[in-house]
Structures are given as structure tokens and as C-alpha cells.
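Please treat every number below as a calculation from the coordinates, not as lab data. Keep in mind the model is a prediction, meaning the values are calculated, not measured. Here the Cβ positions follow ideal geometry from the backbone for every residue, glycine too, while neighbour counts run over all protein chains shown.
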Amino acid sequence: MLLIEPLFDGPVDIVGDIHGEIDALEDLLDHLGYDPDGRHDDGRRLAFVGDLTDRGPNSPAVLRKVMRLVEAGRAQCIIGNHELNLLRGELKDGNDWWIAPQDPIPGNSMQPVTPEDKPRLTEFLKSLPLALERQDLRVVHACWNEAAFTLLRDTAPANATLLETYDSSVAKLQKRWSNPVLAARIKREWYEFAPLHKDPVSQPPLQPTIAQMDREFQMSNPISVLTSGEETETRTPFWAGGKWRMVERVRWWERYDDPVPVIIGHYWRRYNDARAVYRDKYGPDLFADIEMHNCMGPRHNVYCVDFSVGGRYAQRAADEPFHMCRLAAVRVPEWQVMFDHGESLNIEGTFDAIAGGAVRKNGN
Ligand SMILES: [Mn+2]
């Protein structure tokens, strides 16, 4: 398993979650100054934060493109929770193009993966590390968590694959939750709650044991923590992705007190006035007081570069303008964010000067 790989030296452009939006990717790379083969006149290179696929129209094209750039040494890519689902063969909302390509859902216009492509794309997914790091910068899909890295270093066999390590963590939890007392409690809550399972307007009360189990499955699995973040029991269950959620995402960056800046994706940050569009998709808005150009955390050095291009498919289907769902990249050492339509903004935060990057403070 590849845990943390060295991030490229020199100027890099770190691209957020793409979710199958090949046109947005081509546009963004063009605005960043890359030719179609990923060459840049100034020798800049790319890093992708994961979640290349699902929901959007052409995940195979995005995977093939990023794979080609990585093979040519012009890009690096880490694994996101969506790639992990593909490797696990787990059917989730928006990934049937991979799991069941021969059996497209009616009305679904996603390009399916071909039998020729799937084996080599699988090998590519298996080759992705969990994180990238250099002296002045860290990149991970959802959450930089030293305890999770330490646990993986200390307990995962060196020759185990990411998938094997993930599965062994899940197996441990399944064993714990098959304890008769816990299992009986879960069963009782499950039946009480059963009439509301499929009803998005029912608003069930919190089921405490189910919530505890969900939190443990997330938080005791170091690969889940790194690729989909920290979670805790929610007060009021919310409907998302076709089911009632008992756990919500945590602003882990509020406890990130390390001087090395971190770039993440994953969290559906909203571009401009798009706040309302995906409100409550994953519970409380984690970016309620954070402007597009702001970093997070006590040191103002954590930046999320996912600007919700993964919502574009839904707006396209509803015939709405999708300018609110953007693909973005962070340019380092400039610390600018650039969007797929060519707009760029200076990011305000505290960045290490090691790489010659600007140090900008946002005033508090
Ligand atoms: Mn994600």
C-alpha cells in the first residue's frame, strides 16, 4: 500500500474533484497553460486530489486522461472515496458506469467503461497513494490525520494492498458489532425506524446505537478517515444520498495546528452564490463562514479545492445554468485558485515561505 508519496518539487497545480466532467477538466488545464499532453511552458506539473469519477458524463475519459498524464510523469494523483468504491466494486449513486456498465440505468447518460479499458484502469486505481507531501505542502483527499497515518504504518502489513487493509478494518468492526448485545440493540432500533427508511420527509429521531455504529465504522478505519473525513453523531438525522444519515461531517481542520499547509477536496465547497443549491446534502454547511478565497483552521492553512463540479450533472439534467458548480485548481507557490471558466483569485491564508510562496494573512 502506498501511504504518502513525495509531492513533485517546484510549481504545481493541484486539481480538485472532477467527477467525470471531462470538458471542465480540458478547460481548466487549458486556462492553467497546459497543452493536451499535459506539458507546460514553465515546467509546471499537476496533482489530482482524487474523486476523478462518477455522476458526470464521462468518467472513463477523465480516468484515461489522468492516467496518461501520470504515466508521462506530468501529474500525480491520490485516491478519493469514489475511487475506493470502484476498487471495492461497491455500487453507489453515480458509479454504475463502472459497476454495471452493461446494464445502464434508463435515462442515465454516463459513458460506461469498456471491457478493454477496465483492467488497465483498475491497475491505475490500485497504484494511487493516499497522500502526497513535501516540506511546504500536503495533499490528501479529505482529512490530514496523523493518527490514521500512524495506525496504518504500525498495523498494516507492508505488503498488504489498500483494499486488503480497508477490508481487514471493516472485518474487525463487523466482528465487534456482531456481539449479541450490540446486535440486538441495532436490530431493535432498525425495526422501530423501519417505516421511515425510505421516506425523505419523515424526519426520524436519532437512533443512538445506529449512529454510534456508523461513527465507529468511519472513525476506526484509517483509510476512511483519510479519504472521507471525520464524522460524529448528528443531533437531527438528515436525508442524503437516498437515506437518513445519523452521522455528520466534522470540521477537522479546526484542530489542525501544524504549520504545513494542506490542500483537500471532497467537501462540496460552493462557488459564489451556489450555497443554497446543495445545502444540507451532507448535513450542516461546513463552509458557512468561509469565503471562496479563505483558508480554514487556526493557522489559516487548510484549503479545500472542491468547488462542487460533481453537482453539474444534476443542473444539466434540470436544464439549469451550471456556472455555480465549478472545477478548480490551486496554483502553488502563487496560492491562487483558478476555475474552469478561467477566473482566478488570490487565496488568503498563512503559507510557509520555504517554497518562495507569498505569505498572506487574512487579518485574524
Ligand atoms: Mn470525495
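Region 154-213 and region 52-87 have their alpha-carbon centroids 29 Å apart.
Helix 22-32: angle to the longest alpha-carbon principal axis of the chain, degrees 0 to 90, nearest 10? Tilt of helix 22-32: around 40 degrees.
Taking 0.36 nm per residue of sequence separation and removing the Cα-Cα distance, the Glu71/Trp177 pair yields an extension gain of 33.9 nm. Once the C-beta distance of Glu320 and Asn346 is scaled by a Förster radius of 30 Å, the resulting FRET efficiency is 0.55 to the nearest 0.05.
Against the main long axis of the alpha-carbon atoms of the chain, helix 162-177 sits at an angle near 30°. Each peptide in 249-256, 296-303 receives the mean, over its residues, of other Cβ atoms within 10 Å, and ordering these scores from highest gives 296-303, 249-256. With contributions of -39500 (n - 2.57) from each DSSP H run of at least four residues, the per-residue ellipticity at 222 nm computed over the chain stands at -9000 deg cm²/dmol.
Once the chain from Glu192 to Thr150 is taken as fully extended at 0.36 nm per residue, the excess over their C-alpha distance is 11.2 nm. Of the residues Val70, Val15, Val139, the one with the fewest other Cβ atoms within 10 Å heads the list, and the complete ranking is Val70, Val15, Val139. Between Arg39 and Asn294, the modelled label-to-label distance comes to 4.3 nm, taking each label 7 Å out from Cα in the direction of the beta carbon. According to the square roots a ≥ b ≥ c of the eigenvalues of the Cα gyration tensor, what is the shape class of the chain, taking rounded for a/c under 1.5, prolate for a/b larger than b/c otherwise, and oblate for the remainder? It is rounded, given that a/c, with a ≥ b ≥ c, falls under 1.5. Give Lys65/Lys172; Lys65/Lys243; Lys175/Lys198; Lys126/Lys175 a once-over and call out the pairs whose C-alpha atoms are over 31 Å from each other. With Cα atoms farther than 31 Å apart: Lys65/Lys172; Lys65/Lys243. Taking the fewest neighbouring Cβ atoms within 10 Å as the starting point, the ordered list for Thr161, Thr53, Thr150 is Thr150, Thr161, Thr53. Note on Glu123 and Glu90: their simple-model spin labels are 2.6 nm apart, each label 7 Å out from Cα toward Cβ.
Between the beta carbons of Ala184 and Glu164, assuming R0 = 35 Å, the FRET efficiency works out to 0.65 to the nearest 0.05. Take the Cα radius of gyration of region 159-249 and divide it by 2.2 N^0.38 Å, N being the number of residues; the result is 1.17.
Taking the longest Cα principal axis of the chain as reference, the axis of helix 146-155 is set at about 70 degrees.
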